[in-house]
Amino acid sequence: MRLLFVATLHHPQALEDARRAAPSGGDRLFPPSQAQHFWVKALRRQGHDCAVFWRSASALPWARPRQLRMTQRLTPARAIGALAGRVPALNPDIRLRNRRLLAQAADFQPDAIILIGDNRVVLPETLARLRREHGAALVYASGTSPVVFSHAIERAAAPLYDLAVTNDFYHAIQWRELGARRVEALPLAAIDPEFHHPFALSDDEQVRYRCAIGFVGTLVPPRLYGERIAALEALRDFDLGIWSVHEVPPSLRPFYRGSALGAEMLRATAAGQIALNPHGDFMRWGGNMRLFEACGVGAFQLVDDRPGVREWFRDGEHLVIYRDHEHLRELVRYYLAHDGERRQIADAGRAHVLAHHTYDQRMARLVNLIEDIRED
C-alpha cells in the first residue's frame, strides 16, 4: 500500500542529525525521537511505500521550523499561535498548507492517509476532499485523549475518520462518541530491537546518567501531569534523576539532569537502577511509550496501576506496579536492596516485549485494519 503520513515535526534538528548520520539519510522521514520513525521502518520492511506531509511546516518563505518545547509561560509565539488557531480557515498560511497537502496527495496517490494527532492545520473540508478524490482510507492515530487535547477541527472531522487508533481504550470510546466510523485500542508504542536495547555506558555516561531512580518525560502543565509530579515528589529523598526536553516544575528542578532525545533518552532510561513510569493524568487505561521502551532497553520498571498495564504485562514478572505513594516508596526501598530480583524482572520484561510488542507486530495489525476498511 501507499501510505501518506500527515504529522507535526517536533524535533527538526534531530531529523537533520539523523539524516546526516545515516548513509541513506535522505530516506528518513521522521527523527528517531518520534514513534513514527519506527512505524515507517516496520512498514517499509513489510513492502509498503511511505511518505510524509509536514503540516507544521509553514508555507511562508521566512518561517523556520522550531523544536517543540512545552512551557507554562506565555510567550509571543504561543500568543500568536493561539490567535491564529482560533479560526484556522481564515489563516492564509494554513490555507496554503492545505493546498500543498492536496497537491502532494495528488502526486503520491495514497491508499491510506494516516493523520497523526494534535492536528491544528488540516481542515475537515480538505480531509473530505482527499477521501473523495483518492478513495483513500482516512486513519486518525493519537496517543492522547480527545476530551483533553484535541482541537475543534479534529473533533469536527471525526465523522470522516474511517478508523481512529489509540493506545488507551478510553480514548477509543471517546473518538467513537465523536463520530469516528471505527475505533481500535491498539498500543501505538512498541519497540524496535535494533534501537531499543541494553546499552554499555562509557565512564562519562555512567557519571551523567547513573541514579537510583530515573525518569524521562514531560512534567508540564501540572493539570495534565499532576499524578506524575506527585509520584516524583514522593521520592525526593532518594537519588532521583529527571530528564526532559520541556520545563520542569520548581519542586523537581534540583533533580533535573537536562534534556534527552532518541538514543540519549534510552541511555538515561537504562542507566538508573529503577526506571519510574507514572502515566499522565489523561491516560487512565495506560500504554505510553515509556512502558514498552523501558522494558526494551532492559530497565527495571516501576509503573502506576493502569488496566492496560495489567493486560500487556504481568506484575512482578515483567515489571512492578505500584498502587499509591506509600506503596511506591516501599517498593523502591525493597528493590534497591535486591539487585538480583530487579535484574531478573528486567530481563523477563525485555524478553516479553521482544516476543509480543515490536513495531513489526504493531504495523502488521494496523495494515490489517486498513485493508479491512478498504474491503468494506
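What follows is calculated from the coordinates using simple rules that are stated; it is not laboratory data. Just so you know, these numbers come straight off a predicted model, no measurement behind them. Quick reminder, even Gly has a Cβ in these numbers, built from the backbone with ideal geometry, and neighbours come from all protein chains shown.
Average the reciprocal distances over every distinct pair of alpha-carbons in the stretch 203-356, invert the result, and give the Kirkwood radius in Å. Here the Kirkwood hydrodynamic radius works out to 15.3 Å. Once C-alpha pairs closer than 8 Å and six or more residues apart are averaged by separation and normalised to the residue number of the stretch 203-356, the relative contact order reads 22 percent. Taking other C-beta atoms within 10 Å as the exposure proxy, His171, His338, His246 rank His338, His246, His171 from fewest upward. Taking every C-alpha pair closer than 8 Å and separated by at least 6 residues, the mean separation divided by the residue count of the chain gives a relative contact order of 15 percent. Comparing Ala355, Ala14, Ala230 in a Gaussian network model of the chain where C-alpha atoms under 10 Å apart are linked, the largest mean-square fluctuation is found at Ala355. Restriction of the GluC sites (Glu not before Pro) in the stretch 95-203 to DSSP coil positions whose beta-carbon has at most 14 other beta-carbons within 10 angstrom yields Glu194.
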